[in-house]
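First up is the structure itself, then whatever we jot down about it.
Derivation of every value follows stated rules applied to the coordinates shown; laboratory data play no part. Model, not experiment: these values are computed from the prediction. Neighbour counts are summed over all protein chains in view; Cβ atoms, including those assigned to glycine, are modelled from backbone coordinates with ideal geometry.
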């Protein structure tokens, strides 16, 4: 069964450093997403991406965040200057259709900011 | 009132029991309703997708949406130990890509 692949599975970074989280969505999917889950909290929407541009973003997705699809297969989330409160599981997801007929999520990257 | 509320449990049942999981919501604009299953250290896995009100059945799983009460349910029949996971409800508005999740209910099915 096709799956969304995320790397690395766990990343530790120092506060103030830049991190890039990588995702390979399912090949025929057109809509891409990032969500995060702080330990013990809800899964929260960050951003959606379609046709090489952001289609929707949450208030969490401020100027320190950016997304990119640098080639035909990868989808990345960059956090420019990490803060302690950015520590969370970050999930990439992709979908063949618009408006949430159900995404396929990756297994996540656990980001720890120290 | 929180946008989506879900009892976090934990819920512990014997194998073979019928499990009922529920969420309430406050935003009447939600039209798409989903249930995801999340195993430890894994991403959410889509179980059921429903548009607007009504019931949907898939094997041992039945999803119900009551928009008039702003209440959704997931029933699991003949529960198995492999069903032990956290179950997340999620919903979205038409025209929005954003899924709003409940906090999840942790279910344990005991052999």
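Computed quantities for the displayed model
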item: Length-normalised contact order of the stretch B:1-56 in % [C-alpha pairs under 8 Å, at least 6 apart]; result: 27
item: For chain B, built as a Gaussian network whose Cα springs stay under 10 Å, the top-fluctuating residue of B:92, B:84, B:28; result: B:28
item: Two-decimal log10 I(q)/I(0) for the stretch B:22-111, as the Debye equation yields it once each C-alpha is a single scatterer, q = 0.18, 0.25 Å⁻¹; result: -0.77, -1.35
item: Inter-chain shielding of B:99-106 (mean C-beta neighbours from other protein chains, 10 Å cut-off); result: 4
item: Ranked by how many other beta carbons lie within 10 Å on average, peptides A:85-91, B:49-55 from highest; result: A:85-91, B:49-55
item: Per-peptide average of other Cβ atoms within 10 Å, ordering A:40-46, B:75-81, A:62-68 highest first; result: A:40-46, B:75-81, A:62-68
item: The stretch A:39-63 versus the stretch B:57-106: alpha-carbon centroid distance in Å; result: 22
item: Relative contact order of chain B, defined on C-alpha pairs under 8 angstrom at six or more residues apart (%); result: 37
item: Gyration tensor verdict on the protein assembly as shown (Cα atoms; rounded if a/c is under 1.5, prolate if a/b is larger than b/c, oblate otherwise); result: prolate
item: Within 10 Å of each Cβ in A:36-44, the average number of Cβ atoms from other chains; result: 4
item: Stokes-Einstein D (µm²/s) once Rh is taken as the Kirkwood radius of chain A over alpha-carbon pairs, at 10 °C in 1.306 mPa s; result: 113
item: Shielding by partners, peptide B:36-46 (average Cβ within 10 angstrom, other chains); result: 5
item: Length-normalised contact order of chain A in % [C-alpha pairs under 8 Å, at least 6 apart]; result: 39
